[in-house]
1. Have a look at 90, 138, 73, 131 and point out the one that is more than 14 Å from the chain's Cα centre (by Cα) and outside any loop (DSSP other than H, G, I, E, B).
2. Of everything in the stretch 57-105, what is without any contact (Cβ under 8 Å) to a residue 60 or more places away in the chain and on the phi > 0 side of the Ramachandran plot? Give them in sequence order.
3. Starting from the stretch 110-121, keep only residues that are modelled with pLDDT of 95 or more, then list their pairs with residues that are surrounded by fewer than 17 Cβ atoms within 10 Å (Cβ to Cβ) and assigned to a helix (DSSP H, G or I) whose Cβ atoms are within a distance under 8 Å, requiring at least 6 positions of separation or different chains.
């Protein structure tokens with residue numbers, strides 16, 4: 001199974017050990033799920049993890065943040081989207097998630113973002129919350 005995790009899901013994973021986002025990230029690390037991402041999404045992740053409020057909660061140095069992103073990139077499938085989408089007008093950055101999903105031929109987009117979740121699906125790719133995706137992932141491994 002292949003999925004794009006929205007930046008908010010990865011941030012939640014590192015801030016909340018044991019949470020559904022954390023279990024999804026751990027599943028991708030152990031190879032139970034192909035995590036698909038792109039350079040724009042990795043840059044956004046670096047930016048968000050570096051924001052003062054989040055950086056303070058994590059307590060990571062700049063080097064630790066870079067190491068986390070490098071490790072994530074090492075086990076993820078990195079795609080280079082060719083298509084620029086303008087589906088979500090309210091937050092154009094959300095379109096990068098959809099672009100990676102299309103380029104990576106994923107089975108799911110996992111997000112906590114209202115604008116993405118409001119779509120329900122895009123190009124027949126379901127957009128689901130982390131808790132729902134953990135149930136889908138668990139069912140697929142039975």
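The values are calculated or read from the model by the stated rules, or taken from the named source; none is laboratory data. Computed from a predicted structure; not experimentally measured. Glycine gets a Cβ as well: all are built from the backbone with ideal geometry, and neighbour counts include every protein chain shown.
1. Details: 90 fails: outside any loop (DSSP other than H, G, I, E, B); 73 fails: more than 14 Å from the chain's Cα centre (by Cα); 131 fails: more than 14 Å from the chain's Cα centre (by Cα).
None of the others qualify; the one that does is 138.
2. 59
3. Sorted first by the residue in the stretch 110-121, then by its partner, the pairs are 111/117.
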